[in-house]
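For reference, the structure discussed in these notes is given below.
The values are calculated or read from the model by the stated rules, or taken from the named source; none is laboratory data. All values derive from a computational prediction rather than experimental measurement. Cβ placement follows ideal geometry from the backbone for every residue including glycine, while neighbour counts extend to all protein chains displayed. These accessible areas exclude ligands, DNA and RNA; they are computed on the full protein's heavy atoms, side chains included. Shrake-Rupley method; radii C 1.70, N 1.55, O 1.52, S 1.80 Å.
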Amino acid sequence: MAQVSPEENDFFDQSDNGSFLNRIGAGISSLLLRAGLSTVKFTAALLLWIYRTIMLIAAELFDLIKGLGRVLLWLFKDLTHSLRKRHQKNIELQKAVTKAKKEDDRRSYLSAVARFAASYLFGEGGICYTAFNYIMPIVSFAFLLGVIRYGLGLEYGINVEFNGKDVGIITEEADFDRAEHEALQRIYYSGENSIEASANFSLKIISENDRILTSEQLANKMLEASDEELAEAYGIYIDGEFIGAVTDKEPVEEALDKRLLEYHVDGNVKDITYKNKIEYAKGIYLASSIVDTRETIRKLTSSVSKRVIYVAKPGDTAVTVCQKYNMNIADFRSLNPLFADDVKPGQILNVKETESYLPIQYVLEHESLSLLKYETIEVETSSLNVGSRKVLVEGSNGEKHTTYEITYVDGIERSRKVISSKVTREPVVEEIGIGIYSAHPDSPSTVLSGTGEFGWPVNGGYISDPYMSDRNHKGLDIAAPGGTEIYAAADGVVIAAGWNSGGYGNVVQIAHDNGYQTVYGHMSSVLVTTDQEVRRGQLIGLVGTTGNSTGNHCHFEVRYLGVCKNPANYLNTTDFAASDKKKEDDDDK
């Protein structure tokens, strides 16, 4: 096998690479050529389509313009036909006149002129003919408008024929329905029905002499047409219902007004009237429907008293029930002998209710003062030890002033409406504190029963040296392992925090709002800064033995106006002792 040198291998490799690049170049050129041809073809086709579309639209527009031109030309020819015909006729007549004038025949000349003038004025297409064709439609249209306007200006009414007689003109059939109802009311009251309540109606143009009747006037005319015995009187209507007629209404009005004036009501009465609407209508009535005036007054002012059942509601008392039914307490007790004055909800009571023929209705303004019950909430507080409860804020009821408008009917309350309501004193929410302060001595035997104004300052520990003791000790020493948490005994502001060269070592001093101060000495670490506000139970440092100290403990002082006090008088651990005792009892069980 022939050997190939390295140089030859490089040569062959280069030849192959060149051939490959040429093929790629040729392929790319072919693709670009094809893409270019496709683009040219697409552009040419698009331009051709646009050209054809424009030509089609132009052709359609041209045909439309040609058609419109034909129509306009036809309209022009049609509209000018008579003018052209008239013009042709005038030319012929002028020629005839000119010919007659040339022949020097006066008679023929005058005849030709007369024909020309007659044709010009009265012939087809002449002045009079043309004027008639244009003026007559306008005159006809104006005449039509005049007729319509005249017809709209007329007033029409409904002529009523009743019992064979024309009784009058009304504007709508509803007037007859009301008149029919009115007439039948007057008849039915007397127990008769001798009127045939039917009528014939016809449309009529109202003239100046005609009179339009109201439904009440029409009712009078209908009764007059009935051939019954009639009389003029005043009809009395209660809520639109006819109850009878009287010859004189004044005594009835005076009696009803007097009843209102003499009606006794206690309190601020805003309005007093009859519950029902009372109306008087003067007219023609059947003689049998006219009643005696005194009998009518007796009927209208009559009332009856009846016993009804009332179910007591919450808040009811004998007095309030009597007020609702306008009763006195003696009547209430006589009707309910088994019940005391204290009424319980749900009790069935006998009450007396007055029912009048015409009930009297009045509105009474009533003011009341009601209590607004205060709410009670529980709040967790570090000012109390765990297991203790204390009222932090005393609750108190509020007051609300309410003004009502109470509507009474015959002394019985029917409805009430609040017109104003104002809270004159807001209720104060009662807050009950639930203690969450948990720091207390390790041993249940360490029981302090002071005021509890300050909390035990160490998380555990015991009293290793009391106040004063045998060395004029100005506080309590509470021994506890080093690093035990020390808490603020009450809310306040830190007035000193850090090293004390007087023997306290690391110390924190807190000022409280009530003139007291507390001091915490010998700390291993101070965790608050001067001027910092702290809350009871907040971590302020750790137990240590800095300063003049022989062991880990917290030196705790209580000062009042700069004077040291016995801290035991302000600490109370009985809550914790009781809690621990209860826990031990529960464990034993």
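Things to note:
- Search result, residues across segment 311-338 that are assigned to a loop (DSSP other than H, G, I, E, B) and over 26 Å from Leu371 (Cβ atoms): Tyr325, Asn326, Met327, Asn328, Asn336, Pro337, Leu338
- The C-beta contact set for segment 387-404 (first residue outside any strand (DSSP E or B), second residue of a type in the set (S, T, N, Q) and loosely packed, with under 14 Cβ neighbours inside 10 Å, distance under 7 angstrom, 6+ apart or interchain) comprises Gly395/Thr376.
- Residue count for segment 346-365 satisfying the condition of being modelled with pLDDT under 85, open to solvent by 70 Å² or more (accessible area, probe 1.4 Å) and either out of contact with any Phe, Trp or Tyr (no Cβ under 8 Å at 6 or more places or on another chain) or within 30 Å of Val428 (Cα to Cα) (or both): 1.
- Residue count for segment 455-474 under the criterion of being at pLDDT 95 or above and closer than 16 Å to Arg559 by Cβ: the result is 1.
- Flag if Ser288 is in contact with a Ser or Thr (Cβ under 6 Å, 6 or more places away or on another chain) and closer than 23 Å to Tyr408 by Cα: no
- Criterion (open to solvent by less than 10 Å² (accessible area, probe 1.4 Å) and either more than 27 Å from Thr381 (Cα to Cα) or touching a Gly at 6+ places or on another chain (Cβ under 8 Å) (or both)) met by exactly one of Gly498, Gly505: Gly505
- Among the residues listed as Ile432, Ile419, the single one being within 59 Å of the chain's Cα centre (by Cα), under 30 Å from Val265 (Cβ atoms) and either part of a strand (DSSP E or B) or in contact (Cβ under 8 Å) with a residue 12 or more places away in the chain (or both): Ile419
- Flag for Asp585 being among the acidic types (Asp, Glu), closer than 22 Å to Arg389 by Cα and either modelled with pLDDT under 95 or more than 60 Å from the chain's Cα centre (by Cα) (or both): yes
- Segment 526-576 - residue that is in a loop (DSSP other than H, G, I, E, B) and among the basic types (Lys, Arg) and, of those, nearest to Ala488 (Cα to Cα): Arg536
- Any chance Lys249 is more than 25 Å from Lys275 (Cβ to Cβ) and touching a residue at least 12 places away in the same chain (Cβ under 8 Å): no
- Search result, residues across segment 495-517 that are on the phi < 0 side of the Ramachandran plot and outside any strand (DSSP E or B): Ser501, Gly502, Tyr504, His512, Asp513, Asn514
- Scanning segment 481-493 for residues that are open to solvent by less than 10 Å² (accessible area, probe 1.4 Å) and under 18 Å from Gly547 (Cβ atoms) returns a single hit, Ile486.
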